[in-house]
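Each value in this text was obtained by applying a stated rule to the coordinates, not by laboratory testing. Here the structure is a predicted model, which means the values were calculated and not measured. Heads up, the Cβs are rebuilt from the backbone with ideal geometry, glycines too, and the neighbour counts pull from every protein chain shown.
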Amino acid sequence: MRQLFSILGDSYVIWSRNFTLMYVVLFSWLLLNLVIPKGEMPSLDLRWGLLALVTLMMMAAIQAGWFNMIAKACIRYMDAQAKESQEPVSPLEAFTLFREFLPGISGYFPQFTLGTIVQTGVLLLFGSMAYPAWLKNQALFQELFRIATEGSKNLPMLSMAQQQHLGEFMLIMLLALLMYALFWLITMLWPAYVILYEDNALKACWRSFMQFLRDPFRLLAISGVFLIAQFLPALGLLTGDSLVAIVFHFTGMLIEIYAFIVMFVYVYQVVGKPIIRPEPENDDALPGGVS
């Protein structure tokens, strides 16, 4: 338990010193909002298939660069702790993390593409259990989707049969999400293994599963931080106030960044010292030549 508090404390220090990690999250969020059409229900056709493929590869590239930034931020802090460095940290040092973004893409993009395909494939596999129920009531679901995206409160009158089918569909989807949540839990450390130990994505998922079997209680505690990050935006939407929803969504983003830092610090401290690639030498482009 003491080590868990140490991990959470070290992660907070890293999180508070590296605010630039938020810029990448905001950029990816804005990019997704530009790429994905609004108010249109996805369908199984070539157009949506190509869009899904492009989005998947785009997110894999962003994740590769962003997780490399997180790994470098953790390694810097841990190395400074090991050397008992007492030198004050310049706020401008956070900007040097941007140097790790493109090398992360060039070095880890294939593995993050594979890992994203595995995660998405498992989610679709579980979600396919609800596909027969969706086919039976496709017109109803399209109407409900339109109402949800337009923000209308005029819900259509549902017959008893439609209510029953909708309830069955929601129950199956809930079961599918719970099964995927379990899979995500036992494999959630895979990005850290890919970056810190240069494992391939499949080996990283396996090592994450084995680590969960060895240390389930601390990993369940860490997953609770992710749960809070996912719960806050939904809670904000339930308030019905757009300003409150934005605040809750932004707070959830910050907590999620912290949760990923916790994940990397956990792997670094519990599993062992990682493979450390040298940092790119390009200080001239940074304010004051900060290194």
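At a Förster distance of 22 Å, what's the computed FRET efficiency of residue 33 paired with residue 182, Cβ-Cβ distance as r, to 0.05?
It comes out at approximately 0.15.
Would you grab the residues whose amide H sits under 5 Å from the one on residue 199? Only those 5+ places off in sequence or on another chain, please, with H modelled 1.01 Å from N.
Sorted by chain and number, the residues that satisfy this are 194.
Quote to one decimal, in nm, the extra length available between residue 48 and residue 221 on full extension: 0.36 nm per residue of separation minus the C-alpha distance between them.
58.6 nm
What are the ³J(HN,Hα) values, in whole Hz, obtained from phi via the Karplus relation 6.51 cos²θ - 1.76 cosθ + 1.60 with θ = phi - 60°, for each residue of the range 112-118 in sequence order, with x given for Gly and Pro?
6, 5, 5, x, 5, 5, 4
Could you work out the local net charge near residue 207, counting Lys and Arg as +1, Asp and Glu as -1, over the other residues with Cβ closer than 15 Å to its Cβ?
Net charge around residue 207: -1.
With θ set to phi - 60° and the Karplus curve 6.51 cos²θ - 1.76 cosθ + 1.60, what are the ³J(HN,Hα) couplings of the range 221-235 in order, to the nearest whole Hz, using x for Gly and Pro?
Result, rounded to whole Hz: 5, 5, 5, x, 5, 4, 4, 4, 4, 7, 6, 4, x, 5, 5.
Could you work out how far apart the two model spin labels at residue 214 and residue 123 are, taking each label as a point 7 Å from the Cα in the direction of the beta carbon, and quote it in nm?
So the label points at residue 214 and residue 123 sit 2.9 nm apart.
For residue 249 and residue 170, calculate 0.36 nm times their separation in residues minus their Cα-Cα distance, and state this gained length in nm to one decimal.
Full extension of this stretch gives 26.0 nm more.
With a Förster radius of 45 Å, plug the Cβ-Cβ distance of residue 16 and residue 163 into 1/(1 + (r/R0)^6) and report the FRET value to the nearest 0.05.
Calculated value: 0.40.
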